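To keep things clear, I will list the structure first and then write my remarks on it.
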């Protein structure tokens, strides 16, 4: 792997370490919880042993019939989805692994908990964006919006459809703005719900949701993934030019659209890639490749 780091203005970014990163399960946003599954031989049905780990120690383990996908919150509550798209079932579990509720939802896509663990959002391909509480009760259905983001407490929700961005606070519309295209690849929101960033195939756009205004729009080559710092002041974007230069580059921008820092490396093998970037609560930039976690300190 060949790496290049350039720090331009305004901040200091220093490399901390490169460590192996191979996760067999599904991890909470804060890294405290991880759900792992294992097949249990059974001649009559498919059975999985599902285990929740907290800080690497097992919290509970149970056997469930059927193959499922699990999402775990920062509080240890969890949701599972069945793979039957048309008649999928969401099961909600408390932190002890006890079922709280089961809800049918057709063609589910994505899904994630708010950072405080109190609410769960998931998109149905035919029924729109659902918001549930952690026990599985429906709080809201926002309608069909292919892209969305939400604040730490779920009060602020940004809804994107075609070329329009709608912002709701406590389900009350407060702002509407335009987006450059209908093909949004990724969208993120600051914890407090004040700043939103999105990328399509060639632009990054950043919005002030309180003022209801776009802060800037900047062209960028081959963006695929982005992250925003919890306070909304920094935005990290991963760009990948596999078919051109075989390089991955991560950029850091501020709210004025200034490029603060960039880090590039060349793939060392065919199937290597960077699949996620993250800016943590303690001012670290994490870059997750196929096999490794790269940690940087931001000051």
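The values are calculated or read from the model by the stated rules, or taken from the named source; none is laboratory data. This structure is a prediction, so every number in the text was calculated from the model and none was measured. Neighbour counts run over all protein chains shown; Cβ positions are idealised from the backbone, glycine included.
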Per the filter on region 113-130, residues on the phi < 0 side of the Ramachandran plot and not in a loop (DSSP other than H, G, I, E, B) are 113, 119, 120, 121, 122, 123, 124, 129, 130
Within region 93-122, can you find the residues that are at pLDDT below 95 and within 15 Å of residue 149 (Cα to Cα)? 109, 110, 111
Please identify the pairs in which a residue from region 204-228 that is without any contact (Cβ under 8 Å) to a residue 12 or more places away in the chain and at negative phi has its Cβ atom under 9 Å from the Cβ atom of a residue that is in a strand (DSSP E or B) and surrounded by 18 or more Cβ atoms within 10 Å (Cβ to Cβ), counting only partners at least 6 apart or on another chain. none
Do you know which residues across region 37-63 are within 22 Å of residue 110 (Cα to Cα) and either crowded, with 19+ Cβ neighbours inside 10 Å or out of contact with any strand residue (DSSP E or B) (no Cβ under 6 Å at 6 or more places or on another chain) (or both)? 48, 50, 52
Can you tell me which of 167, 174 is farther than 23 Å from residue 258 by Cβ and surrounded by 20 or more Cβ atoms within 10 Å (Cβ to Cβ)? 167
Residue pairs meeting the criteria (Cβ under 7 Å; at least 6 apart or on separate chains; first at negative phi and assigned to a loop (DSSP other than H, G, I, E, B), in region 7-26; second surrounded by 12 or more Cβ atoms within 10 Å (Cβ to Cβ) and at pLDDT below 70): none
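Matching residues to (1) assigned to a strand (DSSP E or B); (2) within 26 Å of residue 152 (Cα to Cα); (3) at pLDDT below 95:
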| residue | (1), (2), (3) |
| --- | --- |
| 64 | yes, no, yes |
| 76 | no, yes, no |
| 85 | no, no, yes |
| 91 | yes, yes, no |
